[in-house]
Amino acid sequence: MDKKGKVYIMGAGPGDAELLTLKGKRAIEEADCVVYDRLINNRILNYARKDAEMIYLGKGNTEGGLIQDEINETIVKKALEGKVVARVKGGDPFVFGRGGEEIQALFENGIEFEEIPGITSSISVPAYAGIPVTHRGMARSFHVFTGHTMADGDWHNFEAIAKLDGTLVFLMGIKNLPIIVGDLIKNGKDSKTPVAIIEKGATADQRVTVGTLENIIELSQEKKIVPPAITIIGEVVNLRDTFKWFETTQLFGKKVLVTRDRRQAGEFSNKIEKMGGVAIELPFINIESTLDKLDREQLKRYSALLFNSPNGVREFMNKVEDIRDIAHLKIGAVGSKTKELLEGYKIKADFIPEEYLVDRLAEESIKYTNPGDRILIITSDISPCDVDKFNSIYNRNFDKIVAYKTKRIIRDKKEVLSNLKKVEIVTFLSSSTVDAFMASIENDLEAVKDIKFASIGPVTSDTMRKYGLNVDFEAKVYDVNGIIEAIK
Ligand code: SAH
């Protein structure tokens, strides 16, 4: 039987990835095919399945594009192939998003669809600039316009618009700004009315220009304002002085490259974005499980179990058949994240060394065991975990299980360089990411001379220095929070 396709015409909100709705997230997770445009935050595409087909059909110029036919054809074609398609648009699909035209095309072809509203930039971008579109006693309505003329030259009735008391919001209004401002003043709008233009709202590149109808054209030329931008006109603009919040977040404007593996990158990126920064994810390692089965009998012979990373906990716990098999073991962990993960399995670590290093973990385990005891360390293929050394220093029998492999991803140099253009800071959370990064850029130090580098701790920093990279920030506590603190 033929599978029937379906299309979600959905809004993704403005630049901030967290402004996606839960329903929108579900649609992306479900989709066989994702068709997206330029105004969305690409991070939300990570919710797509690994095998989903990703199609970029963006309009280079956000003030009117010509590829709408191609978009309609693509979503119809994919749905007729039986695919679930998420058509992901910036803001809301029905607010100058041409969602209606796409639905018409689907309807004509008998294709099932759903519309998932998104947070439109017309209210959220002003909000990120600290400007409410309505305010008690100041603006009792707001009016949203396109600043773009239709092909046949139809233009708004500015005689009526100039008389409105509410807040005026123009999308796609940059090219025609002189006409808009001119028509408002000509029709009697007070030339002292405050105006704000917000470029790339809700992103790390957000820039807000504030003026009045009288001087905004001059200001926009001076500051070389470019789309995508929202123009907001009315007294509410003055509230920005007090209501401004986004630009004052601690990492505002900082663009950070996240190099860790895809599975763990999200948590780190979210922390960066929560503080107003932007995370661009480009993994240089991939974590692969190498643990098939745990020998239950063998586990009985140990007195202590040591984890030197969260991945180790994850891989090991996946393979535990009966939690009581490890009930007799003293447990040690490196790092707060590893500790937290263990707590997720209702396991309280007996010890966590102050310094997040496997050598300290081995040292500390002595206090919890007796001479001759067997101690098992769960680690990765490349972790600096030298059991022979531990056996020679301490009167114990250390063993290790390599629970996962860290595979370096060597990327195309051009791809890396184009991502580096978008960031100011590169973060390394392990030596292997440094190795893969340097191999990818072919050790070209000249190409990274303007970039700042952040390291999770001394081991990673040593690797960075070995390649001739500067360590501009080093975490004091060797974890994700530590590296963010260091950047701050
Ligand atoms: N459907 C979208 C609007 C699409 S029209 C929505 O509901 O938001 C494209 C215009 O939206 C741009 O020219 C600009 O005026 C506005 N816009 C969208 N995202 C924006 C952003 N992050 N910052 C500033 N303006 C934005």
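The values are calculated or read from the model by the stated rules, or taken from the named source; none is laboratory data. Quantities reported herein were computed from a predicted structural model and do not represent experimental measurements. So basically every Cβ, Gly included, is an ideal-geometry build from the backbone, and we count neighbours across all protein chains shown. Heads up: the accessible areas ignore ligands, DNA and RNA and are worked out on the full protein's heavy atoms, side chains in. Shrake-Rupley method; radii C 1.70, N 1.55, O 1.52, S 1.80 Å.
Evaluate the following for Ile225: is it buried (at least 21 other Cβ atoms within 10 Å of the Cβ) and closer than 30 Å to Ala162 by Cβ? Considered against the rule, which asks whether it is buried (at least 21 other Cβ atoms within 10 Å of the Cβ) and closer than 30 Å to Ala162 by Cβ, Ile225 comes out as no. Taking the stretch 78-100 as the range and being away from the ligand (no atom under 16 Å from the Cβ) and open to solvent by 50 Å² or more (accessible area, probe 1.4 Å) as the test, the residues that pass are Leu80, Glu81, Lys83. When every residue of the stretch 474-484 is checked against the conditions, none turns out to be among the small types (Gly, Ala, Ser), out of contact with any helix residue (DSSP H, G or I) (no Cβ under 8 Å at 6 or more places or on another chain) and within 19 Å of Asn286 (Cα to Cα). Of all residue pairs spaced 6 or more apart or on separate chains, those with beta-carbon atoms under 9 Å, a first member in the stretch 199-223 that is away from the ligand (no atom under 15 Å from the Cβ) and of a type outside the set (A, V, I, L, M, F, W, C) and a second member that is part of a loop (DSSP other than H, G, I, E, B) and open to solvent by 70 Å² or more (accessible area, probe 1.4 Å) are Thr212/Asp190; Thr212/Lys192; Glu214/Lys192. Of the residues making up the stretch 1-43, just one is touching a strand residue (DSSP E or B) at 6+ places or on another chain (Cβ under 7 Å), modelled with pLDDT under 95 and acidic (Asp, Glu), namely Asp37. Do we find a residue being modelled with pLDDT under 95, touching a Lys or Arg at 6+ places or on another chain (Cβ under 7 Å) and among the small types (Gly, Ala, Ser) anywhere in the stretch 431-441? Within the stretch 431-441 (the criterion being modelled with pLDDT under 95, touching a Lys or Arg at 6+ places or on another chain (Cβ under 7 Å) and among the small types (Gly, Ala, Ser)), the answer is yes, since at least one residue qualifies. Between Ile103, Ile131, Ile75, Ile71, the distinction of being crowded, with 20+ Cβ neighbours inside 10 Å and assigned by TED's automatic domain parsing to the domain that holds Val236 belongs to Ile131 only.
When the stretch 19-47 is filtered for residues that are open to solvent by 10 Å² or more (accessible area, probe 1.4 Å), outside any loop (DSSP other than H, G, I, E, B) and within 17 Å of Lys78 (Cα to Cα), the ones remaining, listed by number, are Glu29, Glu30, Tyr36.
With respect to the stated conditions, Asp51 is within 23 Å of the chain's Cα centre (by Cα) and outside the structural domain of Leu171 (by TED's automatic domain parsing).
What's the total number of residues in the stretch 206-222 that are more than 25 Å from Lys255 (Cβ to Cβ), not small (Gly, Ala, Ser) and not in a helix (DSSP H, G or I)? Residues meeting the conditions: 4.
You will find that of Val88, Val76, the residue that is closer than 19 Å to Glu281 by Cβ and either part of a strand (DSSP E or B) or modelled with pLDDT of 95 or more (or both) is Val88 and no other.
Scan the stretch 173-201 for residues that are part of a loop (DSSP other than H, G, I, E, B) and in contact with a Pro (Cβ under 7 Å, 6 or more places away or on another chain) and jot them down. Correct list: Ile174, Lys200, Gly201.
Here Ala475, Ala403, Ala439 are screened, and the one residue that is in the same structural domain as Ala279 (by TED's automatic domain parsing) and open to solvent by less than 40 Å² (accessible area, probe 1.4 Å) is Ala475.
Does Lys254 satisfy the condition of being modelled with pLDDT under 95 and more than 14 Å from the ligand (Cβ to nearest atom)? Considered against the rule, which asks whether it is modelled with pLDDT under 95 and more than 14 Å from the ligand (Cβ to nearest atom), Lys254 comes out as yes.
Ala160: in the same structural domain as Ile75 (by TED's automatic domain parsing), more than 16 Å from the ligand (Cβ to nearest atom), open to solvent by less than 60 Å² (accessible area, probe 1.4 Å) and not in a loop (DSSP other than H, G, I, E, B), yes or no? No. Taken over the stretch 228-266, the criterion of being outside any loop (DSSP other than H, G, I, E, B), closer than 28 Å to Gly58 by Cα and open to solvent by 20 Å² or more (accessible area, probe 1.4 Å) is satisfied by Glu247, Lys255, Arg262, Arg263, Gly266. Restricting attention to the stretch 1-18, which residues are buried (at least 20 other Cβ atoms within 10 Å of the Cβ) and within 16 Å of the ligand (Cβ to nearest atom)? Within the stretch 1-18, Tyr8, Ile9, Met10, Gly11, Ala12, Gly13, Pro14, Gly15, Asp16, Ala17 meet the criteria. The condition of being among the β-branched types (Val, Ile, Thr) and open to solvent by 30 Å² or more (accessible area, probe 1.4 Å) holds for only one of Val181, Val195, Val210, that being Val210. Does at least one position in the stretch 182-197 carry a residue that is within 15 Å of the ligand (Cβ to nearest atom), assigned by TED's automatic domain parsing to the domain that holds His148, aliphatic (A, V, I, L, M) and in contact (Cβ under 8 Å) with a residue 60 or more places away in the chain? Looking through the stretch 182-197, at least one residue is within 15 Å of the ligand (Cβ to nearest atom), assigned by TED's automatic domain parsing to the domain that holds His148, aliphatic (A, V, I, L, M) and in contact (Cβ under 8 Å) with a residue 60 or more places away in the chain. Could you tell me how many of the residues in the stretch 103-155 are of a type in the set (A, V, I, L, M), in a strand (DSSP E or B) and away from the ligand (no atom under 14 Å from the Cβ)? Residues meeting the conditions: 1.
Here is a yes/no grid of residues against (1) free of Cβ contacts under 8 Å to residues at least 60 places away in the same chain; (2) in contact with a Phe, Trp or Tyr (Cβ under 7 Å, 6 or more places away or on another chain); (3) among the polar types (S, T, N, Q):
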residue: Ser289; (1), (2), (3): no, yes, yes
residue: Asp292; (1), (2), (3): yes, no, no
residue: Ser303; (1), (2), (3): no, no, yes
residue: Glu315; (1), (2), (3): no, yes, no
residue: Val320; (1), (2), (3): yes, no, no
residue: Ala327; (1), (2), (3): yes, no, no
